[in-house]
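Asks: So that we are looking at the same thing, I have put the structure below in structure tokens.
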Amino acid sequence: MLSFDAVQTVACGGLFLLAGYAIRRHVPVLARFSIPAPVIGGLLVALAMLAFHHWDVTPVHFDTTLEQPLMIAFFTSIGFNASASLLKVGGRQILLFLALATFIGVVQNLAGIGLARMFGLPSLFGVITGSVTLMGGPATGMAFAPLFAEAGVHGAASVALANAMAGIVLGSVIGAPVATMLIERLKLRPAGGQTGNLAVAADLPVTTMEATAVPVTPSSNDEQVYAALRSFVFVLIAMAVGAWISGWMSGAGITLPSYIGAMLIGALIRNLDDRYRVFGLSARSIDTIGNISLSLFLVIALMNLHLWDLSGLALPLLVTLAVQTVIVVAFCCWPLVQLMGRDYDAAVMASGFIGFMLGTTANAVAVMSSLTERFGPAPRAFLVAPIVGAFLMDFTNALIITGFINFLT
């Protein structure tokens, strides 16, 4: 058996990550459904390992020591995006949309628990097929899988991947048709009467990235390198201090994911920098660090996935997904649209809500973009939904998940 150490495992993961991007470029349906490239690359290895398992062969062993630090680095970058100034821009609408998403996250877990018990499965199976993988997506699912495995959920990582992937597809397929039905039934139109074929980029708020590009000169390149280095160091500082906080919480008997301390420190540093401008953080650099960490974390986690653990769980997963989809769609068709203003932007927000409550923020943005290309701009929707889906929801979802874990164990 071939054995890879931690660095070799990351290098192998990087190769399959690049393969995932290449495959997605050449298979349009994967891009259409916003299937993440790390998932494609990691699944290649997982499927190969499944075939070898069928023949009772284990050809390679991966050392996943660096999986945890990469996961924490990603969630730390999410913490750095939690800017209080962004909340002021969207104000009440952002807070209301976040509250609605948090409420449905709780409902997803309650529904999942009920269905799990109906099939004679552990209650925590309902949580991992609820907000963990639907509201949270594959990253949150793979991050929490070890906790669920320790709590007795057999094949937690495989269940998390299967449910998250199915949710991504459903969120991409269902979001636009539901919003289109709402727009046509309620006779909604964009503010100002603008319609069709407008640049979606004009609708996107400047939130976690700089607004303009600057020509690269030797001096500006040095500044960019220094800005990236400074941001990287502060991410490491947040991870280090956050580890102490998480350790203290664990010692106090508080069950929280290992990344929560780093997320909180990241949010604190970001808001101090927004207020006093003392650190000079680069949002673009932190986003890049987070995206790279997420991609490598996912591909490594999936490379070590045991897909054979899904044997016998197909029916519970399918029924749970069907019920969860009905819940999210029904909520969007009435309470959400009404509460968000019962206008065109509210309908576009509903499509984004379906996108990230079943899949990921990438699904939400893709679905909303398809609607604005057809019907016209929705600036309020593109301000509210990405901010909530991209990072604010991760904070509330972590609290929801850990609350259910503590209650059920």
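The values are calculated or read from the model by the stated rules, or taken from the named source; none is laboratory data. Just so it is clear, the model here is predicted, and its values are computed rather than measured. Here the Cβ is made from the backbone with ideal geometry for all residues, glycine too, and neighbour counts use every protein chain on show.
Asks: Keeping to the range 56-81, report how many residues are out of contact with any Asp or Glu (no Cβ under 6 Å at 6 or more places or on another chain) and surrounded by fewer than 21 Cβ atoms within 10 Å (Cβ to Cβ).
Replies: Here the count works out to 11.
Asks: Would you please name the residue that is nearest to THR140 (Cα to Cα), looking only at residues in the range 159-192 that are surrounded by fewer than 20 Cβ atoms within 10 Å (Cβ to Cβ) and small (Gly, Ala, Ser)?
Replies: Once the filter is applied, the top-ranked residue is ALA191.
Asks: Which one is farthest from VAL319 (Cα to Cα), of the residues in the range 91-117 that are among the small types (Gly, Ala, Ser) and crowded, with 21+ Cβ neighbours inside 10 Å?
Replies: Among residues in the range 91-117 that are among the small types (Gly, Ala, Ser) and crowded, with 21+ Cβ neighbours inside 10 Å, the one farthest from VAL319 (Cα to Cα) is ALA101.
The rows are residues; the columns are (1) within 25 Å of ILE78 (Cβ to Cβ); (2) of a type in the set (A, V, I, L, M); (3) at pLDDT below 65.
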site: MET142; (1), (2), (3): yes, yes, no
site: LEU182; (1), (2), (3): no, yes, no
site: ARG185; (1), (2), (3): no, no, no
site: ALA199; (1), (2), (3): no, yes, yes
site: GLU223; (1), (2), (3): no, no, no
site: ALA228; (1), (2), (3): yes, yes, no
site: TRP244; (1), (2), (3): yes, no, no
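Asks: For the structure I just gave you, tell me whether THR58 is out of contact with any helix residue (DSSP H, G or I) (no Cβ under 6 Å at 6 or more places or on another chain), among the β-branched types (Val, Ile, Thr) and not in a helix (DSSP H, G or I).
Replies: Yes: the conditions hold for THR58.
Asks: Still on this structure: Can you name every residue in the range 269-290 that is touching a residue at least 24 places away in the same chain (Cβ under 8 Å) and out of contact with any Lys or Arg (no Cβ under 9 Å at 6 or more places or on another chain)?
Replies: Residues satisfying the conditions are ILE269, ARG270, ASN271, ASP274, ARG284, ASP287, THR288, ILE289, GLY290.
Asks: Restricting to the range 254-305, and then to whatever is in a loop (DSSP other than H, G, I, E, B) and among the hydroxyl-bearing types (Ser, Thr, Tyr), can you tell me which residue is farthest from PHE407 (Cα to Cα)?
Replies: Filtering first and then ranking leaves SER282.
Asks: Do we have any residue at all in the range 139-149 that's under 21 Å from VAL384 (Cα atoms), in a helix (DSSP H, G or I) and either in contact with an Asp or Glu (Cβ under 6 Å, 6 or more places away or on another chain) or β-branched (Val, Ile, Thr) (or both)?
Replies: no
Asks: Another question, if that's okay. If ALA82 passes every condition in (1) modelled with pLDDT under 95; (2) in a helix (DSSP H, G or I); (3) within 18 Å of THR402 (Cβ to Cβ) but one, which one does it miss?
Replies: Only one criterion in (1) modelled with pLDDT under 95; (2) in a helix (DSSP H, G or I); (3) within 18 Å of THR402 (Cβ to Cβ) is unmet by ALA82, namely (2).
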